[in-house]
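Report on the structure given below.
The values are calculated or read from the model by the stated rules, or taken from the named source; none is laboratory data. Computed from a prediction, not measured in an experiment: that's the story for all the values here. Don't worry about glycine lacking a Cβ; one is built from the backbone with ideal geometry, like all the others, and counts go over all protein chains shown. Remember, those area values only see protein heavy atoms, side chains included, never the ligands or the DNA or RNA. Shrake-Rupley method; radii C 1.70, N 1.55, O 1.52, S 1.80 Å.
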Amino acid sequence: KGRPLTDIRLQARMREVEQNVNRVRGQLQQRVEYAYGALDVWKKVGVTGLKGQILVVDGDREFRREMEEMVLSAGYQCDKAKNAVEATSYLQLSKYQLVIVDLVIPKGDGWQVMRQALRRFPGIKVVIIVRNNEQGRQAMRMGAFSFLIRPINQEQLRTCVLSAMKLQYQACK
């Protein structure tokens, strides 16, 4: 007590304990953020405000707006999430037929949202927006319905959404 730590092993152990405390603190903060996320969504739109057909998840506001316009023009309703926490909250509050998620989103990633959606709703279709073909193949192996590569052609997106919504049964399952 009060003397400087001279034992190297003790100093190393103290650093290790400090790293573990910081890691656990971060995990706890993330869990709290996810718990409050559902409350924030519920407060923002209310349970009756959820559309419940298609969920669009992307960090870019303009892209979310364009996706919403395309989905509405195809005759479907959609909800929009700007990050992984919000997307998870929407998935907790409503059942969707299709989730369109960008691989790169704030507060998490598209893989996390896709796994959550597939685990929660086994029949759900997920279209993931990737940066290259290898990521697309990985998404398909993980259970995605389809993938699109950025930059996205609006006609490809429209065709993908229409085919996902009209397909009643997954042929490959």
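Would you check if residue 88 is within 20 Å of residue 33 (Cα to Cα) and not charged (D, E, K, R)?
yes
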* To do: Assess whether residue 126 counts as being part of a strand (DSSP E or B) and more than 14 Å from residue 59 (Cβ to Cβ).
  => yes
* Provide a single number: the residues in the stretch 129-143 that are part of a helix (DSSP H, G or I), in contact (Cβ under 8 Å) with a residue 24 or more places away in the chain and of a type in the set (A, V, I, L, M, F, W, C). => 2
* Asked: Taking the stretch 53-112, which residues are assigned to a helix (DSSP H, G or I), among the acidic types (Asp, Glu) and open to solvent by 40 Å² or more (accessible area, probe 1.4 Å)?
  -> 62, 66, 68, 69
* **Qualifying position, being exposed (fewer than 13 other Cβ atoms within 10 Å of the Cβ) and on the phi < 0 side of the Ramachandran plot, among 115, 158, 131** => 131
* Structure fact -> If we ask which residues in the stretch 118-128 are among the basic types (Lys, Arg) and either open to solvent by 70 Å² or more (accessible area, probe 1.4 Å) or more than 21 Å from residue 68 (Cβ to Cβ) (or both), their number turns out to be 2
* Being open to solvent by less than 20 Å² (accessible area, probe 1.4 Å) and of a type outside the set (Gly, Ala, Ser) is the filter here, so list the residues in the stretch 134-155 that pass it. => 148
